[in-house]
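Student: This is the structure I want to talk about, given as structure tokens.
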Amino acid sequence: MIPIALDPRFVRLAVCGNGSLALRRFNALRAAGAADVLLFADAPIPELQAAASDAWRSRLPNTEDLAALHTLWIVDLDAIKAEPLAKAARARMLLVNIEDVPAFCDFHSVAEIRRGDLLLTISTGGAAPGLAGLIRRRLEAMFDGRWADRLIELRALRASWRSQGVPMAEAMRRIETLVAERGWLDEPEKVNTSRTNS
């Protein structure tokens with residue numbers, strides 16, 4: 001697997017599906033900044049149709065639709081519909097993912113933690129999504145909501161240093177020093193909750 005972070009402003013994304021999993025994927029893409037993501041659903045649940053609003057297309061993607069996309073998630077469709085659609089997408093060099101069907105996954109969606117612009121991701125290459133979720137929950141506790149403000153502060157400092165002509169290597173050293181001095185990456189003390197015998 002090759003990890004990348006896509007800027008949704010420059011790629012055309014779509015979800016194809018009718019149920020709650022399609023709704024979850026659609027909402028996740030919107031939360032990631034994909035304001036123009038499309039939803040193709042020929043029999044959507046009401047919540048999905050309401051969430052998609054003007055982005056909803058009341059059909060499965062046709063040839064013209066596929067030609068206009070870069071990436072397609074197929075969710076909640078049975079194999080009779082999903083597999084021919086995935087093959088048609090691949091024939092047009094479109095990246096496609098049928099959720100939980102590795103043979104039709106050109107990529108795997110990652111478990112993620114978002115703290116403002118800080119994005120942490122975990123992937124098992126589709127081998128063990130449950131493990132990715134377990135690790136995500138652990139990291140969520142380590143990287144709490146304060147990290148969004150920390151990143152804003154570091155961005156401002158880096159912009160200031162850049163305007164002053166500070167070299168990248170020196171900016172990196174300054175960030176490392178600041179993080180260490182403030183203890184942002186120090187492990188919290190482990191609380192011993194075990195009972196002792198008297």
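What follows is calculated from the coordinates using simple rules that are stated; it is not laboratory data. Since we're looking at a predicted model, the values are computed, not measured. Virtual Cβ from ideal backbone geometry, glycine too; neighbours counted across all protein chains shown.
Student: Quick check on the chain: helices-only [θ] at 222 nm, where DSSP H runs of length 4 and up contribute -39,500 (n - 2.57) each and the sum goes over total residues. Nearest 500, please. Mind showing how you got there, number by number?
Tutor: Numbers: 7 runs with 84 residues, N = 198.
Calculated from helices alone, the mean residue ellipticity at 222 nm is -13000 deg cm²/dmol.
Student: Continuing with the same structure: From the phi of every residue in the range 160-177, what ³J(HN,Hα) in whole Hz does the Karplus formula 6.51 cos²θ - 1.76 cosθ + 1.60 yield, where θ is phi - 60° and glycine or proline is x?
Tutor: 5, 5, 4, 5, 8, x, 5, x, 4, 4, 5, 4, 4, 4, 5, 5, 4, 5
Student: Can you tally the net charge around Arg24? Count Lys and Arg as +1, Asp and Glu as -1, for every other residue whose Cβ sits under 14 Å from the Cβ of Arg24.
Tutor: Neighbour charge sum, excluding Arg24 itself: -3.
Student: Additional query: Using the scaling law 2.2 N^0.38 Å as the reference, what is the normalised Cα Rg of the chain?
Tutor: So the Cα radius of gyration is 1.30 times the expected 2.2 N^0.38 Å.
Student: Can I ask one more? Just rank Ile4, Ile175, fewest to most, by other beta-carbon atoms within 10 angstrom.
Tutor: Fewest-to-most Cβ neighbours within 10 Å comes out as Ile4, Ile175.
Student: Considering the chain as a Gaussian network with a 10 Å cut-off on Cα pairs, which listed residue, Pro167, Pro129, Pro102, attains the greatest mean-square fluctuation?
Tutor: Highest fluctuation among the options: Pro167.
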